[in-house]
Amino acid sequence: MSMAASLFEIMYTFSSALLYPVIIILVMLVLFSLIYIGEFLSEYSKRHRDKNNLEENCKKIKDSLRKSKLSEASKALKELKQNYMVSAFAKEASKRLDGGSFSVIEKLAEEYEIKMAKRLEKTKIVSTVSPMLGLMGTLIPLGPALIGLSQGDIETLANNLMIAFATTVVGLFAGSIGYVLTQVRRRWYWEDMSDIDYIMDSLEENVQVLDKSLKSEARWNGQGFELGEESKALEFDESNTVNKAKVGELA
């Protein structure tokens, strides 16, 4: 019996010691949620999705690649005027396209998908952790409150109940902000990934056509293949094979 009482005493002491760390973290989460509101409003003000511009420039990309004109396709990518993530992806992809590096564009798209996931992680953590800590902040003071009630100490009871209710409200407040921001941003990033997929499809449809065109322009110079003027961006090896540029569809 004494061993059980000792265990209960240890658990009570441990839970009571968590009260102040829980309160501090809750206050920090509230501050973070207010900061995220500012970031959200800033991002919202910069969002600009133009479907017509996207379709027109993707059509230019297709036509340019069919004609083996990498510079024109790269220029069309730079002229995309979309949301920040899509525009930034297009500008970086145009640099790879200028160098004939088709294979790295797929990796670039995956990196942007990871960036979007990282942005969602912050508010998702706030929306998940805040209610948990609020519940902890509610339950921890109930022990001292019940002890105060048993001893007739109304002041101790009232103080601990105030802490319990306050932590619940604070936790739900921060959690609700994080949840709303996460849901709205998730929709935004679905739209951005849809636009990036559309750009990737425009590239993928014409890569094989471009490869065949480049292969037909290659000339044997006695040691290896020599490219035509419009095909200098890609290199051929001595075994008469073309470096296959492959752009896959995003998962």
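Report the FRET efficiency, 1/(1 + (r/R0)^6), for Lys81 and Arg186, where r is their Cβ-Cβ distance and R0 is 30 Å, rounded to 0.05.
Working from the Cβ atoms, E equals 0.80.
For an R0 of 35 angstrom, estimate the FRET efficiency from the Cβ-Cβ distance between Ser45 and Leu172 and round to the nearest 0.05.
After rounding to 0.05, the efficiency reads 0.80.
Under a point spin-label approximation (7 Å from Cα along Cα-to-Cβ), what is the Glu121-Phe165 distance to one decimal in nm?
Placing both labels 7 Å beyond Cα along the Cβ direction yields 3.9 nm.
Which part of segment 43-76 falls in the paramagnetic zone of Asp201, meaning amide N under 17 Å from the point 7 Å along Cα-to-beta-carbon?
50-63
Go through Lys62/Lys115; Lys46/Lys78; Lys51/Lys91; Lys46/Lys115 and tell me which ones have a Cα-Cα distance over 20 Å in this structure.
Checking Cα-Cα distances, Lys62/Lys115 exceed 20 Å.
Work out the FRET efficiency for Leu7 and Leu139 from their Cβ-Cβ distance, taking R0 = 25 Å, and round it to the nearest 0.05. Intermediate values should be presented prior to the final figure.
Working: r = 18 Å, r/R0 = 0.73.
Efficiency at R0 = 25 Å is approximately 0.85.
Okay, which of segment 114-132 sit inside 14 Å, backbone N to the point 7 Å along the Cα-Cβ direction of Met28?
126, 129-130
Return Tyr20, Tyr179, Tyr198 ranked ascending by Cβ neighbour count within 10 Å, so the fewest neighbours appear first.
On the way: Tyr20 10, Tyr179 17, Tyr198 14.
Sorted ascending by nearby Cβ count, the order is Tyr20, Tyr198, Tyr179.
Throughout, read-outs are computed from the coordinates displayed, never taken from laboratory work. As the structure is a computational prediction, the values presented were derived from the model and not from experiment. Virtual Cβ from ideal backbone geometry, glycine too; neighbours counted across all protein chains shown.
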